[in-house]
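Where a number appears in this text, it was derived from the coordinates with a stated rule and is not lab data. Note that the coordinates shown come from a computational prediction; the quantities given were computed from them, not determined experimentally. Cβ placement follows ideal geometry from the backbone for every residue including glycine, while neighbour counts extend to all protein chains displayed.
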Amino acid sequence: TDVYDTAATVSAVRAAAAMIAGHKAELTRLDQAIGDGDHGENLARGFHAVLVKLESAAPATPADALKLVATTLISTVGGASGPLYGTAFLRASTALAGAAELTPELVAAALAAARDGVVARGKAEPGDKTMVDALGPAAEAARAAADGGGGVREVLAAAADAAARGSEATVPLQARKGRASYLGERSVGHVDPGSRSTAYLLASFAAGATG
Ligand code: ADP
Ligand code: MG
Ligand code: MG
C-alpha cells in the first residue's frame, strides 16, 4: 500500500509498541542517570496495554487509533510522561479528525498540535531538556517538509530525523523541568529519556509510512 490509512496507522502503533518494548532497558537506564529509573517500564506498560486494547478494538480512522493510544497511555503510564504523551496523542488525534488517510499537511498539523499540547500541559520551553526538545524540532521539520512538497513518507522521516537529533542535543543541557531538574548541573552530560522515547515513537510512525 502507498497510502497511510487506518490500517497503516494501526500497524505503526504496533510497531511503536514493539520499538518501546525493545528499548525498555535503554530508556530505563537513561532515566536511572537523571530521574527515577522508570521511563522504560512506564512506557512499555502503556504500550503493552495499547496492544491488548487493539485485540478487541477496531479503530475506524487514523484519529481513532491515536485516540485509543492517548486514552490508554493516560490511564496506564502515570508519572510525568503518561499525561504528556496522552496529551500529545490526543491533540494529534484531534488534528486528524475525520480523515481516512494521512496527508503531508495533516502530519505537520498533528505534530504541531502534539507539541503545543505538551508545552501547554508541561510548561517546558525549548532547551529545558525534555521531550519538547525532540517534539519541537520534529514539528518544525515536518512543517518544512510539507511546505517543500514532500509526501507523507518524507514528512514523517524528516520529523523522525529531527527528533533523533533533538534528543541527542539534550546531552549538554541542564534540565529545568521534571525530576531531572532536581539534579541541577548534574543533569548535564546525559540524554533526556523522554526525548529519546519521542524519537523512537516518531521513527516507528515514519517506518510505517510507505507512500
Ligand atoms: P517521571 O519523571 O514522573 O518518572 P517518566 O520517567 O516516565 O516520568 O518520564 C520522564 C520524562 O518526562 C523526562 O525525561 C522528560 O522528557 C519528560 N518530562 C518531564 N517533565 C516534563 C515537562 N514538564 N514537560 C515536558 N516533558 C517533561
Ligand atoms: Mg522516571
Ligand atoms: Mg516516576
When (1) within 16 Å of ligand 1 (Cβ to nearest atom); (2) more than 23 Å from ARG14 (Cβ to Cβ); (3) surrounded by fewer than 24 Cβ atoms within 10 Å (Cβ to Cβ) are applied to LYS129, the one that fails is (3)
When (1) under 30 Å from GLU185 (Cα atoms); (2) more than 16 Å from ligand 2 (Cβ to nearest atom) are applied to LEU106, the one that fails is (1)
Checked LEU43, LEU84 against criteria (among the aliphatic types (A, V, I, L, M), in contact with a Phe, Trp or Tyr (Cβ under 9 Å, 6 or more places away or on another chain) and either outside any helix (DSSP H, G or I) or within 14 Å of ligand 1 (Cβ to nearest atom) (or both)); the one match is LEU43
Being within 16 Å of ligand 2 (Cβ to nearest atom) and either surrounded by fewer than 18 Cβ atoms within 10 Å (Cβ to Cβ) or touching a residue at least 24 places away in the same chain (Cβ under 8 Å) (or both) narrows ALA160, ALA144, ALA180 down to just ALA180
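Is it the case that VAL52 is within 16 Å of ligand 1 (Cβ to nearest atom) and either acidic (Asp, Glu) or more than 17 Å from SER195 (Cβ to Cβ) (or both)?
Considered against the rule, which asks whether it is within 16 Å of ligand 1 (Cβ to nearest atom) and either acidic (Asp, Glu) or more than 17 Å from SER195 (Cβ to Cβ) (or both), VAL52 comes out as no.
So which of ALA120, ALA114 ends up being of a type in the set (A, V, I, L, M), more than 24 Å from ALA44 (Cα to Cα), within 16 Å of ligand 1 (Cβ to nearest atom) and outside any loop (DSSP other than H, G, I, E, B)?
Result of the check over ALA120, ALA114: ALA120.
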Filtering segment 35-46 for residues that are under 18 Å from LYS129 (Cα atoms) and either more than 9 Å from ligand 2 (Cβ to nearest atom) or among the small types (Gly, Ala, Ser) (or both) leaves a count of 3
Contact list, first residue from segment 34-62 and more than 13 Å from GLY78 (Cα to Cα), second anywhere and surrounded by 24 or more Cβ atoms within 10 Å (Cβ to Cβ) and among the acidic types (Asp, Glu), beta-carbon distance below 6 Å, six or more apart or interchain, is GLY37/ASP31
